Amino acid sequence: MNNLEERLWNYIDGTCSAEERKAIDILIAQDSAARSKHEDLLALNSEFSKIEVDEPSMAFTYNVMEGIRAEIAQKPLKAGINKRIIIGIAGFFIVSILLLLIFALSTIHIGAVSVDVKVPDSLKMPDLKSLVCAPVLKGLIFFDVVLGLFLFDAWLRRRSVSKQM
């Protein structure tokens, strides 16, 4: 686009200053080439004003917004559960239950059957009866129950959130 054409477009659009407007008025009045260019640009501008701007339908806008909403809803709000944490909690429960079973089986006294197992001195188990007493056992059971209820509550909440979506 040359300088004259730019000045004429600014004149037609009304974005030029008053001094430029006077100068262009004089140029159009005196120069036949500038006058014909001005008439061509005016005709082109009137054609541009007749063109209707295409707008998408309301259904298109609604479908796009629903697509965006569905895309956002597919992503979980929280980060995924780390499997190592689940394995650690499961391992803790398994070890706790095994320790409780070993303790329960070691305290059972069967009078009629006597089992004598000879264990070498180097493989003797430490005396756990001093470590495992009633308050420690009750505390361990209490902790397991509270942790189990916490995990059950988290599972129920996750299930209710998934039903709402």
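The values are calculated or read from the model by the stated rules, or taken from the named source; none is laboratory data. Keep in mind it's a predicted model, so treat the numbers as computed, not measured. All Cβ positions, glycine included, derive from the backbone under ideal geometry; neighbour counts span all protein chains shown.
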Item to complete: Look at ASN45 and say whether it is out of contact with any strand residue (DSSP E or B) (no Cβ under 9 Å at 6 or more places or on another chain) and surrounded by 10 or more Cβ atoms within 10 Å (Cβ to Cβ).
Response: yes
Worksheet item: Any idea which residue in the stretch 108-145 is modelled with the highest pLDDT, counting only those that are within 46 Å of the chain's Cα centre (by Cα) and over 21 Å from GLY91 (Cβ atoms)?
Response: LYS138
Worksheet entry | Within the stretch 57-75, tally of residues that are surrounded by 10 or more Cβ atoms within 10 Å (Cβ to Cβ) and at pLDDT below 75 | 1
Worksheet, complete the sentence: Of the residues in the stretch 35-56, those that are modelled with pLDDT under 85 and either part of a loop (DSSP other than H, G, I, E, B) or closer than 13 Å to ILE12 by Cβ (or both) come to PHE48, SER49, ILE51, GLU52, VAL53, ASP54, GLU55, PRO56
Practice prompt. Would you please list the contacts, defined by Cβ atoms under 6 Å and residues six or more apart or on different chains, that run from a residue in the stretch 81-107 that is part of a helix (DSSP H, G or I) to a residue that is modelled with pLDDT under 95 and aliphatic (A, V, I, L, M)?
Written response: PHE103/VAL132
